[in-house]
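Nothing in this text is a laboratory measurement; each read-out follows from the coordinates by a stated rule. Note that the structure is predicted; figures quoted are calculated from it, not measured. Every residue, glycine as well, gets a Cβ built from its backbone with ideal geometry; the counts of neighbours run over all protein chains shown.
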Amino acid sequence: MSHITIYHIATWMSALIAFVTAIAYFARPSVIIKNFSTLGYPTYLPILLGVWKALGTIALIAPVSPLLREWAYAGFTFNYTGAMLSHIACKEYTKVLPPLIVFGILAISYFLNPNQLHF
């Protein structure tokens, strides 16, 4: 399998995961509100993160400037590493793995992107 194919698979997987998460954040089911509250975050944070995840999804898959895509990768990196650290700080070690896996998929997309700036 070529690195371009792997790049496309990783990018679409990252975008799909972020988009589904954004929809869940907009729906605000009680489990999400409870999870954010357990971590000490305000209940409005899922809406804000949902907006940024939806916009980041567009930036990952739409034909946008490399700089805008770079910002999307950075935003997702902040989000996933922040989620991991938040769970570690609250001693919720079993909840660290999902954002770590998604971050790994995002990293594959980033490093295999032939048009990325790679500062």
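If I ask for residues that are surrounded by 12 or more Cβ atoms within 10 Å (Cβ to Cβ) and either touching a residue at least 40 places away in the same chain (Cβ under 8 Å) or out of contact with any helix residue (DSSP H, G or I) (no Cβ under 8 Å at 6 or more places or on another chain) (or both), which ones from segment 81-94 would you list?
Residues of segment 81-94 that are surrounded by 12 or more Cβ atoms within 10 Å (Cβ to Cβ), as a first pass: 81-88, 90, 92.
Listed by number, the residues that qualify are GLY82, LEU85, SER86, HIS87, ILE88, CYS90, GLU92.
Considering only segment 55-94, state which residues are within 20 Å of VAL31 (Cα to Cα) and part of a helix (DSSP H, G or I). Quick ask: steps written out before the conclusion?
Quick first cut of segment 55-94, residues within 20 Å of VAL31 (Cα to Cα) only: 79-80, 82-94.
Answer for segment 55-94, where residues must be within 20 Å of VAL31 (Cα to Cα) and part of a helix (DSSP H, G or I): ASN79, TYR80, GLY82, ALA83, MET84, LEU85, SER86, HIS87, ILE88, ALA89, TYR93, THR94.
Could you say whether any residue in segment 66-80 is more than 21 Å from ASN115 (Cβ to Cβ), exposed (fewer than 14 other Cβ atoms within 10 Å of the Cβ) and touching a residue at least 12 places away in the same chain (Cβ under 8 Å)? Spell out the reasoning first.
Residues of segment 66-80 more than 21 Å from ASN115 (Cβ to Cβ): 78-80.
Right, trim to exposed (fewer than 14 other Cβ atoms within 10 Å of the Cβ) and you get 78.
Those still in the list that are touching a residue at least 12 places away in the same chain (Cβ under 8 Å) too: none.
No: zero hits.
Residues checked against (1) within 17 Å of PRO98 (Cβ to Cβ); (2) among the β-branched types (Val, Ile, Thr):
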residue	(1), (2)
MET1	no, no
THR5	no, yes
PRO46	yes, no
ALA59	no, no
LEU67	no, no
ALA74	no, no
TYR80	yes, no
LEU85	yes, no
